[in-house]
Amino acid sequence: MAAIKSVTLKINGQIHELDIGSKVGQIDPADTLIHTLRETLGLTGTKASCGNGACGICTVIMDSKAVPSCKILTIECDGKEITTIEGLRNLKTGTLHPLQQAFVDFTAFQCGFCTPGMIMTAKALLDENPHPSEEEIKDALSGNFCRCVSHYQVLKAVLSVAEKGR
Amino acid sequence: MEEYRPWTWKIPEGSENDKRKISRQDAHERVSGKAAFTRDIYLPGMLYAKILNSPYAHAKITSIDVTKARALPGVRDILTFDDPEISHDTGIGAWYEASGNYNILTLPGISDFFQHPMGVAVVADSEEICDRALRLMEIKWEERPFILDMEESVKPDAVKIMSEVQRVNAKAKEPNTVVADDVEYGSVEKGFAEADKVIEYKIKREVNSAAGVEPAVCVAQWRNDFLDIWAHHQDIPQWFLIYPQDSRGKHIPPLADWAKITVTMPYQGSYYGGFSWLAYSCCFTRLAVILARRADGRPVKLTYDESNHFVLGDDAGTYKCKVGAKKDGTITAFHWHMVGVRNPAIEKTYEATKIPNIRGSQEWGFVNKGHLICFRHGSHCTVPHTVMFDKVAAEFGLDPTEVALKNDGCRGHDWNWVTRYQKENGFPQRWSLKEVIDLGKEAIGWSKKWHPPGTKKLPNGKMHGMGFMQINEWTWQSPAPAMTYACLSLRNGIAAIIGVRSDIGVDAESAARSVVASELGLKYEDTVIHEKRVENSNFYMWQPGGSFSTAYITTQLVMAAKELKKKVLEYAAKPTPAYNSPHFLKTVQPPAFPGKKPEDLDIKDSMVFEKANPRNRKSVREVADIFWDVDPAIAHPVVGTADMMTVDGKPDPNQYVMGRQAHFIEVEVDAETGMVDVTNVACVNDVGHLFNPEGALAQQYGGAIMGLGRSGTEEHVWCPRTGVALNHDLINYHIGTMNDYPVVQCRINESHLGYAAFGSFGIGENPGAALSGITTSAIYNATGKWILDYPTTPDRVLKALGKI
Ligand code: FES
Ligand code: FES
């Protein structure tokens with residue numbers, strides 16, 4: 001297979017065509033998705049913590065699935081559609097996504113460092129299963145680490161969205 | 001002089017309800033990905049820096065060849081430990097590191113523990129290039145003997161370790177003892193002689209970690225001789241850039257003039273303090289500044305990996321305990337001999353009991369596990385406290401809650417004495433411990449569920465147990481010393497609280513807004529936190545995200561708000577002077593409330609009104625704003641200061657800690673597997689006065705789960721043969737997530753027994769430290785067996801049950 005020369009990513013509805021190489025602004029084959037998001041594209045809403053898939057803090061949605069962006073190489077993402085926390089708001093009106101609003105309403109965060117990952121994991125869950133039970137929510141979010149322990153309010157926030165339109 | 005008794009102040013009538021609808025100013029940013037943490041600071045031309053992590057527990061670099069690393073494209077600078085610019089730099093005075101007991105070098109050439117950031121720092125165009133360059137270093141190491149067990153370390157014939165680390169405490173002893181201390185109140189020998197029974201036991205704790213989520217990071221940039229810093233830190237770090245001394249005791253010139261340093265504290269990802277971590281982050285900040293100084297004006301971002309967050313450890317130690325008690329549960333004396341960090345661990349028990357004879361002795365020795373102190377106050381004192389009450393209760397077949405009440409008091413005084421003290425000094429006559437125990441017992445159903453140890457088997461075959469502990473919140477329950485100030489400005493009817501923001505998430509800010517709103521008579525939404533960068537100032541509004549946030553700042557804020565309100569009402573009653581400007585008033589304007597005196601007026605819901613005729617009203621904005629350009633007293637900050645606490649206007653060293661906290665858990669123990677399921681948790685915190693219900697709740701949840709983790713699952717594991725840490729990562733270091741614990745039943749008590757405004761003291765330290773010994777209590781109740789070797793993991797349970 002011929003080596004690919006560029007990767008095309010659709011991030012938050014926008015197409016990014018990025019050359020592969022080691023110059024500034026290019027994608028090094030060793031670059032992880034979180035590196036590209038934060039360092040190359042300036043999308044710092046996605047946070048990085050453990051770097052080894054343990055904490056869920058770097059979660060983004062790729063082709064409808066919640067994935068840890070620290071464990072995926074950007075060159076593997078060619079042609080993928082990616083949503084980060086920045087893409088959740090209504091980009092025209094600035095209105096928060098109902099999940100984000102629920103996190104505000106239930107103060108489902110303390111320091112907020114894990115919050116983007118929590119919200120993206122919950123979003124992927126609700127996209128797949130709009131009305132999950134409490135147990136399903138807990139299971140989906142059990143890979144998201146929060147040292148401040150905002151779990152209880154997170155659960156309430158996600159449940160409140162899940163229960164809408166039931 | 002007006003008597004200064006903040007605990008007697010009352011929240012203005014009617015404003016009490018405001019606190020029920022607090023919303024966080026930072027909420028939108030935190031949920032939208034816009035909140036910029038220090039990791040998120042990117043500046044034009046920024047370079048990145050990383051430090052080598054030692055692969056050895058204790059080893060000296062004998063030579064380092066950086067040639068290959070330097071040749072790597074994108075590498076801009078390499079600083080090695082033996083460079084004269086850094087070789088003797090301690091980075092920090094002894095105070096921060098281990099409360100003044102020893103100094104660490106900013107970039108040492110000897111590693112003191114596995115993954116010690118040391119030896120060499122690389123500056124490059126990206127973090128990845130830094131990592132690659134560090135791998136290209138050709139380093140020769142001389143391995144040194146290491147010690148992991150502190151009891152071994154303090155022996156007189158132990159091999160000397162960490163010889164380059166300066167011991168600065170006068171009580172340090174060769175070869176490895178950092179501090180040896182012995183404190184006694186009363187006479188323990190006399191107390192033991194009075195006891196019906198003297199019991200002895202030993203407690204052991206392994207190290208646990210704060211394991212915060214945002215790895216350490218600091219950005220530094222020089223603008224000629226001006227220095228800008230963005231710090232992931234809970235404190236303002238200028239001073240250690242100013243007052244260093246080198247490892248030979250020589251003075252090092254300040255890195256920058258105090259007045260030329262600007263520090264920005266962005267959002268902080270879960271930061272739980274910890275003296276050892278603070279020391280590291282101080283050295284770390286200093287190193288970032290030094291690297292930036294060499295970068296010719298380009299900003300440098302120095303980062304650690306997440307694994308480095310595990311260099312902060314807490315709780316390690318052993319406690320040999322001897323306790324004398326009477327049959328009714330009255331403790332006559334105790335002596336804890338601790339081989340562990342910090343101080344002799346008796347402080348909280350001395351503060352919060354009537355026990356007349358207390359002795360704490362301590363030996364603190366170096367170990368090659370990272371520097372260990374505490375975080376979120378630490379459980380060095382709460383664990384022996386918890387176990388002592390449980391042991392005495394078990395010895396005489398008593399309910400541990402009764403034993404706790406029997407021994408409650410302050411510094412050897414019983415509660416009758418405390419009640420008299422309360423009366424004489426304007427406090428309400430309340431018995432906090434009784435109140436929190438009653439609330440907690442009711443929440444968890446203690447009276448029905450508690451049983452003699454090892455007597456209740458559940459239908460699922462597991463053993464049922466109930467655990468309890470009580471202690472006071474942080475000892476310093478008073479307003480801050482002079483370094484804290486409150487600074488308000490009022491414009492457009494909005495009161496801005498001007499201060500350095502460094503909120504780690506505990507949301508002291510909403511409490512501050514609530515206090516200002518109620519004191520000024522404004523609506524909560526007419527207050528804001530106005531972030532100020534630290535410039536040329538050693539004052540800060542509150543210790544950012546630290547142990548004392550709310551109690552520290554609210555007293556000063558109330559004072560400042562009272563002052564500001566007085567001004568607004570004065571302005572409401574007097575004419576507005578003319579102001580000679582083309583844009584502003586040319587002529588004198590009549591008063592907003594003609595013919596009224598300030599005392600005829602009041603403010604509520606952001607409206608100034610006439611008390612006798614509330615329909616005569618004008619908005620604060622209308623009344624006060626007109627003065628903005630003519631009277632700087634409104635425009636400019638109003639500063640409230642509070643010196644150390646005084647009682648009756650006199651300095652008072654005796655601030656009695658009268659507030660108490662009680663926590664309860666229910667467990668099921670599987671005697672076959674050793675698994676302990678926590679099925680019910682009730683936390684009752686007396687906060688003195690509640691400012692921010694959601695903030696308090698968050699501290700209870702967060703602290704309870706952290707405490708349960710420290711008690712039951714969290715520990716660092718080292719390879720005994722190599723000294724290599726085996727679980728410095730979030731996969732193998734067990735912290736509970738969503739599925740692991742039940743909902744915590746949180747109860748708040750407001751006794752108003754603190755020394756700060758409205759009798760407040762706080763909450764943040766307590767649950768995280770207090771629950772860190774509680775699983776033993778419940779497992780004993782379930783099985784009748786003691787596990788005094790923390791954390792109470794399944795293997796330890798099985799060992800206690802004689803199964804392995
Ligand atoms: S940073 Fe990706 S899972 Fe932790
Ligand atoms: S809110 Fe701080 S780590 Fe989750």
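The values are calculated or read from the model by the stated rules, or taken from the named source; none is laboratory data. Just so it is clear, the model here is predicted, and its values are computed rather than measured. All Cβ positions, glycine included, derive from the backbone under ideal geometry; neighbour counts span all protein chains shown. Side chains included, ligands, DNA and RNA excluded: accessible areas come from the protein's heavy atoms. Shrake-Rupley method; radii C 1.70, N 1.55, O 1.52, S 1.80 Å.
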Taking placed amide H atoms and a strict 5 Å upper bound, the residues 5 or more places from B:Gln166 or on another chain that come that close are B:Asn103
Long-range amide H partners of B:Ser606, meaning residues 5 or more apart or on another chain whose placed amide H is closer than 5 Å, are B:Leu522, B:Lys523
Once all protein chains are kept in place, B:Glu143 shows an accessible area at probe 1.4 Å, nearest 10 Å², of 130 Å²
With all protein chains present and a 1.4 Å probe, the order of B:Leu148, B:Leu136 from largest accessible area down is B:Leu136, B:Leu148
Averaged over the residues of B:698-704, the number of partner chain Cβ atoms within 10 Å of each residue's own Cβ comes to 5
Eigenvalues of the alpha-carbon gyration tensor of segment A:98-164, times 5 and square-rooted, give semi-axes in Å, largest first, of 17, 13, 10
A student asked for the Cα radius of gyration and Dmax of segment B:673-798 in angstrom ought to give 17.0, 56
Hull volume per residue for segment B:113-157, using the convex hull of the C-alpha atoms, in Å³ is 96 Å³
Note to self: C-alpha centroids of segment B:745-804 and segment A:78-108 sit apart, in Å, by 39 Å
Shape call for segment B:31-79, from the Cα gyration tensor axes a ≥ b ≥ c (a/c under 1.5 means rounded, otherwise prolate when a/b beats b/c, else oblate), comes out oblate
Applied in sequence order to segment B:454-469, the curve 6.51 cos²θ - 1.76 cosθ + 1.60 (Karplus, θ = phi - 60°) yields integer Hz couplings, x standing for Gly and Pro, of x, 10, 10, 9, 8, x, 7, x, 8, 8, 9, x, 10, x, 8, 8
For chain B, shape from the Cα gyration tensor axes a ≥ b ≥ c, cut at a/c of 1.5 then a/b versus b/c, turns out oblate
In terms of the charge dipole of segment B:364-518, which places +1 on Lys and Arg and -1 on Asp and Glu at the beta carbon, the residue among B:Asn425, B:Met463, B:His380 farthest towards the positive end is B:Met463
Out of A:Ala124, A:Phe145, A:Val158 - ranked by how far each Cα lies towards the positive end of the dipole of segment A:98-164, with unit charges on the beta-carbon of charged residues - the top one is A:Phe145
Classified through the alpha carbon gyration tensor (a ≥ b ≥ c as square roots of its eigenvalues; rounded if a/c is under 1.5, else prolate when a/b is larger than b/c, else oblate), segment B:75-175 comes out prolate
Gyration tensor (Cα only) of segment A:15-166 to equivalent ellipsoid, semi-axes in Å sorted down, yields 28, 16, 14
Computed over all unlike Cα pairs, the Kirkwood hydrodynamic radius of the protein assembly as shown in Å stands at 29.8 Å
With +1 on the Cβ of every Lys and Arg and -1 on the Cβ of every Asp and Glu, the dipole magnitude of the protein assembly as shown about its Cα centre, in debye rounded to the nearest 20, is 1040 debye
Spelling it out for B:Leu726: with amide H atoms placed in the peptide plane at 1.01 Å from N, the residues 5 or more places away or on another chain with amide H under 5 Å from its amide H are B:Val717, B:Trp718, B:Cys719
Measure of exposure for B:Val183: accessible area at 1.4 Å probe, Å² rounded to 10, is 40 Å²
Across A:54-61, the residue-averaged tally of Cβ atoms belonging to other chains within 10 Å stands at 3
Contact order relative to length for segment B:700-804, counting C-alpha pairs under 8 Å separated by 6 or more residues, stands in percent at 37 percent
Expressed as a whole-number percentage, the relative contact order of segment A:98-164 with C-alpha contacts under 8 angstrom and at least six residues apart is 52 percent
Of all DSSP beta bridges with both partners in segment A:6-87, the antiparallel percent, nearest 5, is 80 percent
Residue-ordered couplings for segment B:32-41, obtained by feeding phi - 60° into the Karplus form 6.51 cos²θ - 1.76 cosθ + 1.60 and rounding to whole Hz (Gly and Pro as x), are 9, x, 8, 5, 8, 8, 4, 4, 8, 7
Partner shielding of B:732-739, taken as the mean number of other chain Cβ atoms within 10 Å, equals 6
Computed ³J(HN,Hα) along segment B:158-173: with the Karplus parameters 6.51/-1.76/1.60, θ = phi - 60°, integer Hz and x for glycine or proline, the list is 5, 5, 6, 10, 6, 5, 7, 7, 6, 8, 10, 7, 4, 9, 5, 10
If unit charges are put on Cβ atoms (+1 for Lys and Arg, -1 for Asp and Glu) and the dipole of the protein assembly as shown is taken about its Cα centre, the option from B:Phe226, B:His716, B:Ser126 lying farthest towards the positive end turns out to be B:Phe226
Expected sort for B:786-792, B:115-121 on mean C-beta neighbours within 10 Å, highest first, is B:115-121, B:786-792
As straight-line cross-link partners of B:Lys448, the qualifying lysines (C-alpha separation under 26 Å, not fewer than 8 residues apart within one chain) are B:Lys327, B:Lys391, B:Lys406, B:Lys434, B:Lys456, B:Lys457, B:Lys462, B:Lys785
Cα gyration tensor of segment B:725-767 diagonalised, 5x eigenvalues square-rooted, in angstrom largest first, produces semi-axes 35, 16, 6
Put B:Arg420, B:Arg39, B:Arg293 in order of accessible area, largest first, probe 1.4 Å, and you get B:Arg420, B:Arg293, B:Arg39
Given unit charges at Cβ for Lys, Arg (+) and Asp, Glu (-), the dipole magnitude of segment A:98-164 about its Cα centre in debye, nearest 20, is 280 debye
Of the convex hull drawn through the C-alpha atoms of segment A:6-87, the volume per residue in Å³ is 78 Å³
Measuring from its Cα centre, chain B shows a charge dipole (+1 at each Lys and Arg Cβ, -1 at each Asp and Glu Cβ) which, in debye to the nearest 20, is 800 debye
Restricting to Cα pairs under 8 Å and 6 or more apart, the percent relative contact order of segment A:6-87 works out to 37 percent
